[in-house]
Amino acid sequence: MNKVNFNTLYPIEEFKNTVSLKVLVEESDVKNVIVGDYSYYSDFDDPTKFLEKNVMYNFGMSGTQLKIGKFCALAHGVKFIMADANHSTKGVSTFPFAVFGKEWSDKLPIGEYPFKKYKDIEVGNDVWIGYGATIMPNVKIGDGAIIGSNSTVTSDVPDYAVMGGNPAKVIRYRYTKDEIHLLKGLKWWNWDRVYLDEAVEILVKGTVEDLLFYATKKGLIKTS
């Protein structure tokens, strides 16, 4: 039986509009973007330009990273605004004099600017980010979240929340608090491939209780 292969750049045979993000990143020179297994980016034009066109202002000055978990689906035009886009706001002017070099940079090098400190952008597991959405610096997106098309995410997204708007707000939650707690415990995205293959129908059409029953039957419940 032929198996889905995410260890190749184009995981859909004879289709060049979707790429395995992990493979794309590993084949690049970019070191501060980290992607988990099975996550992909689709683009109507050229998805291989993701690191140049969709990870914006990634100059490395802020020392921050973009971390994307497993089984994430990123639609055309999704953009991550890295912290290097920010200007210093401590003084009278926000103008980045040192960027233009020469006497302005000699006077105060860019490395000495009092920039605000930012955290990494983190995208959890099993996250779907819709067409044209923008993720701003300092944002953490929880597991199982959905980000609506053309949304601008400026604050953290809870696990299994559906967010939309500009700025994005919680529209609803996909599951109850108890169900979210169960899903966070199951961490199905970390299961071995054999169990994932078996559980596809449950993952697509089943309930949390169905998945819990399967995990229990297979001995996949982790006990502390």
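The values are calculated or read from the model by the stated rules, or taken from the named source; none is laboratory data. Bear in mind that the values here come from a model prediction, so they are computed numbers and not experimental data. Reconstructed Cβ throughout: ideal geometry from the backbone, glycine too, with neighbour counts over all protein chains shown.
Taking the criterion of being charged (D, E, K, R) and over 29 Å from the mean Cα position of the chain (by Cα), the residues of the stretch 100-137 that qualify are Lys102, Glu103, Asp106, Lys107, Glu112. Taken together, the criteria exclude Thr64 from residues that are outside the structural domain of Gly142 (by TED's automatic domain parsing) and not small (Gly, Ala, Ser). For the stretch 95-125, a residue qualifies if it is within 25 Å of Asn54 (Cα to Cα) and polar (S, T, N, Q), and exactly one does: Asn125. Can you find a residue that is under 22 Å from Ile147 (Cα atoms) and either assigned to a loop (DSSP other than H, G, I, E, B) or over 19 Å from the mean Cα position of the chain (by Cα) (or both) anywhere in the stretch 16-30? Checked the stretch 16-30: at least one residue is under 22 Å from Ile147 (Cα atoms) and either assigned to a loop (DSSP other than H, G, I, E, B) or over 19 Å from the mean Cα position of the chain (by Cα) (or both). Take the conditions (1) in contact with a strand residue (DSSP E or B) (Cβ under 7 Å, 6 or more places away or on another chain); (2) of a type outside the set (Val, Ile, Thr); (3) free of Cβ contacts under 8 Å to residues at least 60 places away in the same chain; Ala83 misses just one of them, which is (1). Evaluate the stretch 37-45: report whether one residue or more is without any contact (Cβ under 8 Å) to a residue 60 or more places away in the chain, assigned to a loop (DSSP other than H, G, I, E, B) and under 30 Å from Phe115 (Cβ atoms). Within the stretch 37-45, one or more residues are without any contact (Cβ under 8 Å) to a residue 60 or more places away in the chain, assigned to a loop (DSSP other than H, G, I, E, B) and under 30 Å from Phe115 (Cβ atoms).
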